[in-house]
Amino acid sequence: MSNEVVQPREDVKVVEEPEGKAKLRKWLNMNFRIEMTDGRVLIGVFLCTDRDANVILGACSEYLKNTDGEMEEPRVLGLVMVPGRHIVSIQIDDTSSPPKYYYDE
């Protein structure tokens, strides 16, 4: 084994990721719970967002509140795009495990 010191190349710049971008990257593939302006609640896997705060959720289910204010049975939606202007709140949903996207024996 050599004790040779490796010097960084001068033409390569090391750029640190902005804090917001790092936080978004940490949330990838986590379950999100999104409340919308019309009262619906969406729970799905966070896949991406854009500068307009639109959010893409995978394996998403929709929950509606009945007249008593309780949640009804979920409706499976799959892949959805939630417009940012309709989002009231976003939370990490740790009540359910994220779905597996691979076959596991």
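Structural remarks
- For residue 77, the criteria (1) surrounded by 13 or more Cβ atoms within 10 Å (Cβ to Cβ); (2) at pLDDT below 95 hold in every case but one, which is (2).
- Scanning the stretch 22-52 for residues that are surrounded by 10 or more Cβ atoms within 10 Å (Cβ to Cβ), within 13 Å of the chain's Cα centre (by Cα), not in a loop (DSSP other than H, G, I, E, B) and not aliphatic (A, V, I, L, M) turns up 23, 27, 31, 32, 33, 44, 46, 48, 49.
- Only listed residue being surrounded by 10 or more Cβ atoms within 10 Å (Cβ to Cβ), without any contact (Cβ under 8 Å) to a residue 60 or more places away in the chain and not in a strand (DSSP E or B), chosen from 4, 17: 17
- Looking only at the stretch 53-69, and only at residues there that are crowded, with 16+ Cβ neighbours inside 10 Å and of a type in the set (Gly, Ala, Ser), the one that is nearest to residue 80 (Cα to Cα): 58
- Hits in the stretch 59-100 (condition: part of a strand (DSSP E or B), farther than 19 Å from residue 23 by Cα and either touching a helix residue (DSSP H, G or I) at 6+ places or on another chain (Cβ under 6 Å) or not hydrophobic (A, V, I, L, M, F, W, C) (or both)): 61, 62, 63, 65, 75, 78
- Qualifying residue in the stretch 1-15 (condition: at pLDDT 90 or above and farther than 18 Å from residue 88 by Cβ): no
The values are calculated or read from the model by the stated rules, or taken from the named source; none is laboratory data. Everything quoted here is computed from the prediction, not taken from an experiment. As a convention, Cβ positions derive from the backbone with ideal geometry for all residues, glycine included, and neighbour counts pool all protein chains shown.
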